[in-house]
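Chemist: Dropping a structure here in C-alpha coordinates format, bear with me for questions.
The values are calculated or read from the model by the stated rules, or taken from the named source; none is laboratory data. Treat the numbers as computed from the prediction; the structure is a model and nothing was measured. Every residue, glycine as well, gets a Cβ built from its backbone with ideal geometry; the counts of neighbours run over all protein chains shown. Keep in mind that these areas ignore ligands, DNA and RNA; they rest on the heavy atoms of the full protein, side chains included. Shrake-Rupley method; radii C 1.70, N 1.55, O 1.52, S 1.80 Å.
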Amino acid sequence: MGHVKRHLAEFIGTFMLIFFGAGAILQQHATQSVGTTGIAVAHGLAILIGVYAFGHISGGHFNPCVTFGFLVTKRISFGGALNYWLAQLVGAIIAAWVLAAAYHGGPAEAHLGAPALDPSVGPGMGAFLEGLMAFMLVIVIFGTAVDPRAPKGFAGLAIGLTLTANILFGGALTGAAFNPARAFGPALLAGFWQDQWLYWVGPLVGGAVAALLYDRFFLERA
(Lines give C-alpha, C1' and ligand atoms only; values in the text may rest on other atoms or scores of the structure.)
Protein backbone atom coordinates (compact mmCIF):
# COMPACT_ATOMS: atom_id res chain seq x y z
CA MET A 1 0.00 0.00 0.00
CA GLY A 2 2.91 2.34 0.71
CA HIS A 3 4.14 1.97 -2.87
CA VAL A 4 0.68 2.74 -4.23
CA LYS A 5 0.43 5.88 -2.09
CA ARG A 6 3.82 7.14 -3.28
CA HIS A 7 3.07 6.51 -6.94
CA LEU A 8 -0.37 8.11 -6.68
CA ALA A 9 1.22 11.14 -5.00
CA GLU A 10 3.71 11.46 -7.88
CA PHE A 11 0.87 11.08 -10.40
CA ILE A 12 -1.25 13.82 -8.79
CA GLY A 13 1.67 16.19 -8.22
CA THR A 14 2.84 15.91 -11.82
CA PHE A 15 -0.75 16.26 -13.03
CA MET A 16 -1.04 19.51 -11.07
CA LEU A 17 2.18 20.87 -12.56
CA ILE A 18 1.01 20.36 -16.14
CA PHE A 19 -2.63 21.26 -15.40
CA PHE A 20 -1.74 24.59 -13.76
CA GLY A 21 1.43 25.38 -15.71
CA ALA A 22 0.45 24.44 -19.24
CA GLY A 23 -3.08 25.60 -18.44
CA ALA A 24 -1.71 29.08 -17.71
CA ILE A 25 -0.01 29.06 -21.12
CA LEU A 26 -3.30 28.19 -22.84
CA GLN A 27 -5.07 30.87 -20.79
CA GLN A 28 -2.50 33.39 -21.98
CA HIS A 29 -3.14 32.44 -25.60
CA ALA A 30 -6.89 32.68 -25.06
CA THR A 31 -7.08 35.95 -23.12
CA GLN A 32 -3.65 37.65 -23.24
CA SER A 33 -4.13 38.26 -19.51
CA VAL A 34 -1.56 36.00 -17.86
CA GLY A 35 1.84 36.96 -19.27
CA THR A 36 5.22 35.34 -18.70
CA THR A 37 5.22 36.28 -15.02
CA GLY A 38 1.80 34.69 -14.51
CA ILE A 39 2.91 31.52 -16.29
CA ALA A 40 6.03 31.33 -14.12
CA VAL A 41 4.02 31.88 -10.94
CA ALA A 42 1.47 29.22 -11.96
CA HIS A 43 4.26 26.64 -12.36
CA GLY A 44 5.90 27.70 -9.10
CA LEU A 45 2.65 27.54 -7.15
CA ALA A 46 1.87 24.11 -8.59
CA ILE A 47 5.16 22.73 -7.29
CA LEU A 48 4.88 24.58 -3.97
CA ILE A 49 1.42 23.11 -3.40
CA GLY A 50 2.51 19.65 -4.53
CA VAL A 51 5.57 19.55 -2.28
CA TYR A 52 3.61 20.61 0.80
CA ALA A 53 0.77 18.20 -0.02
CA PHE A 54 2.82 15.14 -0.98
CA GLY A 55 6.45 15.70 -0.04
CA HIS A 56 6.04 13.65 3.14
CA ILE A 57 4.51 10.79 1.12
CA SER A 58 6.64 10.45 -2.03
CA GLY A 59 9.36 13.06 -1.61
CA GLY A 60 7.57 15.35 -4.05
CA HIS A 61 9.69 14.71 -7.14
CA PHE A 62 7.10 15.36 -9.90
CA ASN A 63 9.99 15.41 -12.37
CA PRO A 64 11.98 12.49 -13.85
CA CYS A 65 15.24 14.42 -13.54
CA VAL A 66 14.71 14.81 -9.79
CA THR A 67 14.07 11.08 -9.50
CA PHE A 68 17.20 10.45 -11.59
CA GLY A 69 19.20 12.57 -9.13
CA PHE A 70 17.90 10.40 -6.30
CA LEU A 71 18.77 7.29 -8.31
CA VAL A 72 22.40 8.24 -9.02
CA THR A 73 22.91 9.08 -5.33
CA LYS A 74 21.34 5.73 -4.33
CA ARG A 75 18.35 7.27 -2.54
CA ILE A 76 15.92 5.23 -4.62
CA SER A 77 16.23 1.83 -6.29
CA PHE A 78 16.15 1.42 -10.06
CA GLY A 79 12.78 -0.31 -9.85
CA GLY A 80 11.45 2.45 -7.63
CA ALA A 81 12.70 5.07 -10.07
CA LEU A 82 10.98 3.32 -12.98
CA ASN A 83 7.69 3.33 -11.09
CA TYR A 84 8.09 7.02 -10.25
CA TRP A 85 8.85 7.82 -13.89
CA LEU A 86 5.78 5.92 -15.02
CA ALA A 87 3.56 7.75 -12.52
CA GLN A 88 5.00 11.12 -13.55
CA LEU A 89 4.59 10.51 -17.28
CA VAL A 90 1.04 9.21 -16.92
CA GLY A 91 0.16 12.21 -14.75
CA ALA A 92 1.53 14.55 -17.40
CA ILE A 93 -0.34 12.78 -20.20
CA ILE A 94 -3.68 12.80 -18.37
CA ALA A 95 -3.29 16.49 -17.51
CA ALA A 96 -2.55 17.32 -21.16
CA TRP A 97 -5.60 15.28 -22.18
CA VAL A 98 -7.82 17.28 -19.82
CA LEU A 99 -6.41 20.56 -21.17
CA ALA A 100 -6.95 19.38 -24.75
CA ALA A 101 -10.58 18.61 -23.95
CA ALA A 102 -11.15 21.86 -22.03
CA TYR A 103 -9.58 24.09 -24.67
CA HIS A 104 -10.71 22.00 -27.67
CA GLY A 105 -7.09 21.36 -28.53
CA GLY A 106 -6.09 24.98 -27.97
CA PRO A 107 -4.46 27.22 -30.57
CA ALA A 108 -2.14 25.28 -32.85
CA GLU A 109 0.84 27.48 -32.06
CA ALA A 110 0.53 26.75 -28.31
CA HIS A 111 0.97 22.95 -28.72
CA LEU A 112 -0.98 22.48 -25.45
CA GLY A 113 1.84 24.22 -23.61
CA ALA A 114 4.63 21.98 -24.89
CA PRO A 115 7.99 23.80 -24.68
CA ALA A 116 9.68 25.02 -27.85
CA LEU A 117 13.02 26.61 -28.66
CA ASP A 118 13.19 30.21 -29.73
CA PRO A 119 14.56 30.38 -33.31
CA SER A 120 17.61 32.23 -31.99
CA VAL A 121 18.57 29.31 -29.71
CA GLY A 122 20.26 26.27 -31.23
CA PRO A 123 19.53 22.74 -29.96
CA GLY A 124 22.91 22.45 -28.25
CA MET A 125 22.43 25.68 -26.31
CA GLY A 126 18.84 24.67 -25.61
CA ALA A 127 19.95 21.38 -24.07
CA PHE A 128 22.58 23.22 -22.02
CA LEU A 129 20.05 25.76 -20.70
CA GLU A 130 17.51 23.05 -19.86
CA GLY A 131 20.26 21.17 -18.03
CA LEU A 132 21.35 24.31 -16.19
CA MET A 133 17.79 25.02 -15.02
CA ALA A 134 17.41 21.40 -13.90
CA PHE A 135 20.72 21.74 -12.05
CA MET A 136 19.37 24.78 -10.17
CA LEU A 137 16.18 22.95 -9.27
CA VAL A 138 17.85 19.77 -8.02
CA ILE A 139 20.56 21.58 -6.07
CA VAL A 140 17.84 23.51 -4.23
CA ILE A 141 15.86 20.31 -3.59
CA PHE A 142 18.91 18.64 -2.06
CA GLY A 143 19.75 21.74 -0.06
CA THR A 144 16.27 22.24 1.38
CA ALA A 145 14.57 18.82 1.39
CA VAL A 146 17.38 16.25 1.54
CA ASP A 147 20.03 17.84 3.75
CA PRO A 148 19.00 17.27 7.41
CA ARG A 149 20.64 20.58 8.39
CA ALA A 150 18.15 22.59 6.32
CA PRO A 151 15.52 24.71 8.15
CA LYS A 152 12.30 22.74 8.44
CA GLY A 153 9.16 23.72 6.59
CA PHE A 154 10.66 25.87 3.83
CA ALA A 155 11.44 23.30 1.13
CA GLY A 156 8.19 23.76 -0.77
CA LEU A 157 8.60 27.53 -0.86
CA ALA A 158 12.24 27.38 -1.97
CA ILE A 159 11.54 24.78 -4.67
CA GLY A 160 8.51 26.65 -5.96
CA LEU A 161 10.44 29.92 -6.14
CA THR A 162 13.29 28.19 -7.98
CA LEU A 163 10.82 26.93 -10.57
CA THR A 164 9.38 30.43 -10.93
CA ALA A 165 12.82 32.03 -11.31
CA ASN A 166 13.88 29.47 -13.91
CA ILE A 167 10.82 30.18 -16.05
CA LEU A 168 11.27 33.94 -15.73
CA PHE A 169 14.80 33.43 -17.03
CA GLY A 170 14.34 30.75 -19.66
CA GLY A 171 10.71 30.76 -20.72
CA ALA A 172 11.34 32.79 -23.84
CA LEU A 173 14.47 30.81 -24.76
CA THR A 174 13.53 27.13 -24.39
CA GLY A 175 10.04 27.13 -22.90
CA ALA A 176 11.74 26.32 -19.58
CA ALA A 177 10.41 22.83 -18.98
CA PHE A 178 13.57 21.34 -17.33
CA ASN A 179 11.31 18.35 -16.73
CA PRO A 180 10.91 15.50 -19.25
CA ALA A 181 7.35 14.78 -18.08
CA ARG A 182 6.38 18.45 -18.43
CA ALA A 183 7.66 18.37 -22.00
CA PHE A 184 6.35 14.93 -22.93
CA GLY A 185 2.69 15.08 -21.85
CA PRO A 186 1.66 18.13 -23.90
CA ALA A 187 3.91 17.07 -26.80
CA LEU A 188 2.22 13.67 -27.00
CA LEU A 189 -1.31 15.07 -27.06
CA ALA A 190 -0.36 17.90 -29.45
CA GLY A 191 1.77 15.69 -31.71
CA PHE A 192 4.59 18.23 -31.40
CA TRP A 193 7.99 16.55 -31.19
CA GLN A 194 10.36 19.30 -32.29
CA ASP A 195 13.63 19.06 -30.30
CA GLN A 196 11.96 16.75 -27.76
CA TRP A 197 15.26 14.98 -27.10
CA LEU A 198 16.87 18.02 -25.49
CA TYR A 199 14.08 18.24 -22.90
CA TRP A 200 15.17 14.79 -21.74
CA VAL A 201 18.93 14.79 -22.15
CA GLY A 202 19.61 18.27 -20.75
CA PRO A 203 17.52 17.96 -17.55
CA LEU A 204 18.59 14.37 -16.80
CA VAL A 205 22.27 15.29 -17.06
CA GLY A 206 21.84 18.56 -15.16
CA GLY A 207 19.84 16.90 -12.41
CA ALA A 208 22.37 14.10 -12.01
CA VAL A 209 25.30 16.53 -11.81
CA ALA A 210 23.53 18.63 -9.16
CA ALA A 211 22.60 15.58 -7.08
CA LEU A 212 26.11 14.14 -7.20
CA LEU A 213 27.70 17.50 -6.41
CA TYR A 214 25.54 18.09 -3.36
CA ASP A 215 25.80 14.50 -2.20
CA ARG A 216 29.58 14.28 -2.53
CA PHE A 217 30.65 17.86 -1.71
CA PHE A 218 28.06 19.71 0.40
CA LEU A 219 26.38 16.95 2.40
CA GLU A 220 28.07 16.22 5.73
CA ARG A 221 29.02 12.62 6.41
CA ALA A 222 28.66 10.97 9.79
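Chemist: Using 0.36 nm per residue, how much length does the chain from D147 to L219 gain when fully extended, once their Cα-Cα distance is taken away? Write down the numbers at each step before the final one.
Modeler: Values: separation 72, 0.36 × 72 = 25.92 nm, distance 0.66 nm.
My answer for the length gained is 25.3 nm.
Chemist: While we're here: Could you calculate the FRET efficiency of A101 with Q194 from 1/(1 + (r/R0)^6), where r is the beta carbon distance between them and R0 is 25 Å, rounded to 0.05?
Modeler: Numbers: r = 23 Å, r/R0 = 0.94.
Once the sixth-power term is evaluated, E becomes 0.60.
Chemist: With the contact rule set at Cα under 8 Å and sequence spacing of 6 or more, what percent relative contact order holds for the chain? Walk me through the intermediate numbers first.
Modeler: Numbers: 371 pairs, mean separation 68.7, N = 222.
Relative contact order, the chain: 31 percent.
Chemist: Now for a separate question. GNM, the chain, Cα, under 10 Å: largest mean-square fluctuation among R182, R149, R75?
Modeler: Per the Cα network of the chain with a 10 Å cutoff, R149 tops the list.
Chemist: Sort H3, H111, H104 by accessible area with a 1.4 Å probe, largest first.
Modeler: H104, H3, H111
Chemist: Could you order the peptides 28-40, 136-148 from most to least packed, using the average number of other C-beta atoms within 10 Å per residue?
Modeler: Working: 28-40: 14.5, 136-148: 20.5.
My ranking of the peptides, most packed first, is 136-148, 28-40.
Chemist: What is the dipole size for the chain, taken about its Cα centre, with +1 at each Lys and Arg Cβ and -1 at each Asp and Glu Cβ, in debye to the nearest 20? Walk me through the numbers before you get to the answer.
Modeler: Details: 9 positive and 8 negative charges, 138 e Å.
Charge dipole of the chain: 660 debye, to the nearest 20.
Chemist: From the protein chains alone at 1.4 Å, what is the descending order of accessible area for S58, S77, largest first?
Modeler: Details: S58 10, S77 75 Å².
Sorted descending by solvent-accessible area, the residues read S77, S58.
Chemist: How far, in nm, would the chain grow between L212 and A108 when pulled straight, counting 0.36 nm per residue and subtracting the alpha carbon separation?
Modeler: Values: separation 104, 0.36 × 104 = 37.44 nm, distance 3.98 nm.
Computed gain between L212 and A108 is 33.5 nm.
Chemist: Rounded to the nearest 0.05, what FRET efficiency do H3 and S120 give with R0 = 30 Å and r taken as the Cβ-Cβ distance? Could you check? Walk me through the numbers on the way to the answer.
Modeler: Numbers: r = 45 Å, r/R0 = 1.50.
With R0 = 30 Å, the Cβ-Cβ based efficiency is 0.10.
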